[in-house]
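Every number in this text was worked out from the coordinates using simple rules, so none of it is lab data. In this text the structure is predicted, and so the values were computed from the model without any measurement. Virtual Cβ from ideal backbone geometry, glycine too; neighbours counted across all protein chains shown.
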Amino acid sequence: MIQRVQSVYLLLVTVVMSFLIVSPYARMVDADNQILIFKSHAIVIEANSGEPHTYKSTIAIISLVLLTSLISFVCIFLYNRRLIQIRICIINTVLLIMLLFVMYLYYKITYNNLDVTDHSFRISAIFPMISIVLTIMAYRAIRHDDMLVNSFDRLR
């Protein structure tokens, strides 16, 4: 099952989305020199003095990250059911697009609510986009396998 190229793509989606769980995707500095770190589970404020504390919990982001990672991992083991794999890839792509939208929404709302002096996205902000591309590549490979199997069935 791992020797199929779509299984490698789906495994890469799982790994990339797992990296998003542990790495921050954006950073802001407000007028009080407080640094806001956007992580998948919360927006954390790191003040100049003291411990970091949670500014806002982002349950929607962490649940979408975990869900897309789990879906792509489970999809690897459905190699005998190609049509279900195709549908799961489509669902996973829609969920990844929703994840990008929710990540941007949290970022924009926080940016509008605070007096921000500096802001930037981290490299992990592109992980959902990479996952979308990998999921589409897996979808195309699964569809190609399905068409190949159907063509052999017609020859019989």
Note to self: Can you confirm whether R87 is over 16 Å from R4 (Cβ atoms), of a type in the set (D, E, K, R) and surrounded by 12 or more Cβ atoms within 10 Å (Cβ to Cβ)?
What the structure shows: yes
Note to self: Going residue by residue through the range 2-16, is there one that turns out to be over 30 Å from D146 (Cβ atoms), touching a residue at least 12 places away in the same chain (Cβ under 8 Å) and among the basic types (K, R)?
What the structure shows: no
Margin query: Please determine whether any residue of the range 114-122 is in contact (Cβ under 8 Å) with a residue 12 or more places away in the chain, exposed (fewer than 14 other Cβ atoms within 10 Å of the Cβ) and small (G, A, S).
Written below: yes
Margin query: Quick check on my filter: what residues within the range 38-58 are touching an Asp or Glu at 6+ places or on another chain (Cβ under 9 Å) and either among the basic types (K, R) or closer than 18 Å to F121 by Cα (or both)?
Written below: I45
Next item on the list: Taking L78 as meeting all but one of (1) among the aliphatic types (A, V, I, L, M); (2) surrounded by 12 or more Cβ atoms within 10 Å (Cβ to Cβ); (3) touching a residue at least 12 places away in the same chain (Cβ under 8 Å), write down the number of the exception.
Entry: (3)
